[in-house]
């Protein structure tokens, strides 16, 4: 069993003009929700821990999780609205976001809700739910409870239009590092957090603080990884006709965790001892999954059969 914790929202795309305005296309979204759905589609047992509204949008998010096969026993239904993320795409399909979520359900997850979260082999955290209150404190309590006995995975997935203070994101990363075993981060996020600092320098510093596996995704440039035992592997991106890149990083993370589970590597000790061949297999599997998501609209993550 794995547990994914964080935000759940609706990504809203502009779908064309109408005589009186715009046609909007709302899709299930939120980085952690995507990871949870991705894990379920890839055949993993997974539960989602987060706040959902009691309104019709919250109903739809809950339905999507359940239809994907995600355990929703520790989902908290709250009398608050659902966050909306308005998504614009550039000519290369790269998204930009505007979030409307102040006082929304995914930000109001109470501390007492941690008691409902089951024991699991791995826990994944990420994105803005780690930096906005009160949900950030709730998630930190879960990390503190579990990091000595389970694998902790973290993807900062920075959204400055939700929390514009970069110091808050840096502080959260600094707090997470000695409690994180698998750190997956994009080069785009590194450029925001540590402009001008070499990726390898950052990775070595994080490994020294206790991280067992650092994975840095670089879009069309591929992916690189370092382990606590001194392994370093770089792999190319998969060629793909990109529709958009929404959900690509979440797909990559879900596929990483899936491959680790399938190969018996889902533990802190196993992460540190991965061979070069095992690392290459892990990164290639995740890259193939992310390429599939990039080939279709929105965060439409692949199932296990699509990966062979």
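The values are calculated or read from the model by the stated rules, or taken from the named source; none is laboratory data. Here the structure is a predicted model, which means the values were calculated and not measured. FYI the Cβ positions are ideal-geometry reconstructions off the backbone, even for glycines, and counts take in every protein chain you see.
Residue under question is residue 205, and the condition is that it be under 19 Å from the mean Cα position of the chain (by Cα), in a helix (DSSP H, G or I) and either touching a residue at least 12 places away in the same chain (Cβ under 8 Å) or surrounded by fewer than 18 Cβ atoms within 10 Å (Cβ to Cβ) (or both); does it hold?
So residue 205 does not fit the description; no.
Please state which one of 69, 30, 55 is surrounded by fewer than 17 Cβ atoms within 10 Å (Cβ to Cβ) and at positive phi. One residue alone meets the criteria, 69. If you go through the stretch 26-60 and keep only what is more than 17 Å from residue 261 (Cα to Cα) and in contact (Cβ under 8 Å) with a residue 60 or more places away in the chain, you end up with 27, 28, 29, 30, 31, 32, 34, 49, 50, 51. Of all residues in the stretch 279-308, those that are part of a helix (DSSP H, G or I) and either within 24 Å of residue 11 (Cα to Cα) or out of contact with any strand residue (DSSP E or B) (no Cβ under 9 Å at 6 or more places or on another chain) (or both) total 15.
Residue 156 meets all of the listed conditions (1) on the phi > 0 side of the Ramachandran plot; (2) touching a strand residue (DSSP E or B) at 6+ places or on another chain (Cβ under 8 Å) but one, namely (1). Of all residues in the stretch 46-58, none are within 29 Å of residue 304 (Cβ to Cβ), at pLDDT 95 or above, within 18 Å of the chain's Cα centre (by Cα) and assigned to a helix (DSSP H, G or I). If we keep just the residues of the stretch 113-130 that are assigned to a helix (DSSP H, G or I) and either touching a residue at least 24 places away in the same chain (Cβ under 8 Å) or in contact with a helix residue (DSSP H, G or I) (Cβ under 9 Å, 6 or more places away or on another chain) (or both), which is surrounded by the fewest Cβ atoms within 10 Å (Cβ to Cβ)? The extreme case among them is 116. Exactly one residue out of 240, 233, 224, 246 is part of a loop (DSSP other than H, G, I, E, B) and touching a strand residue (DSSP E or B) at 6+ places or on another chain (Cβ under 6 Å), and it is 246.
Does at least one position in the stretch 61-79 carry a residue that is in a loop (DSSP other than H, G, I, E, B), in contact (Cβ under 8 Å) with a residue 60 or more places away in the chain and over 29 Å from residue 189 (Cα atoms)? Yes, there is a match, as at least one residue in the stretch 61-79 is in a loop (DSSP other than H, G, I, E, B), in contact (Cβ under 8 Å) with a residue 60 or more places away in the chain and over 29 Å from residue 189 (Cα atoms). Of all residues in the stretch 13-25, those satisfying the criterion of being in contact with a strand residue (DSSP E or B) (Cβ under 6 Å, 6 or more places away or on another chain) and surrounded by fewer than 18 Cβ atoms within 10 Å (Cβ to Cβ) are 14, 15, 16, 22, 23, 24, 25. Here 177, 173 are screened, and the one residue that is free of Cβ contacts under 8 Å to residues at least 40 places away in the same chain, in contact with a strand residue (DSSP E or B) (Cβ under 9 Å, 6 or more places away or on another chain) and closer than 25 Å to residue 246 by Cα is 173.
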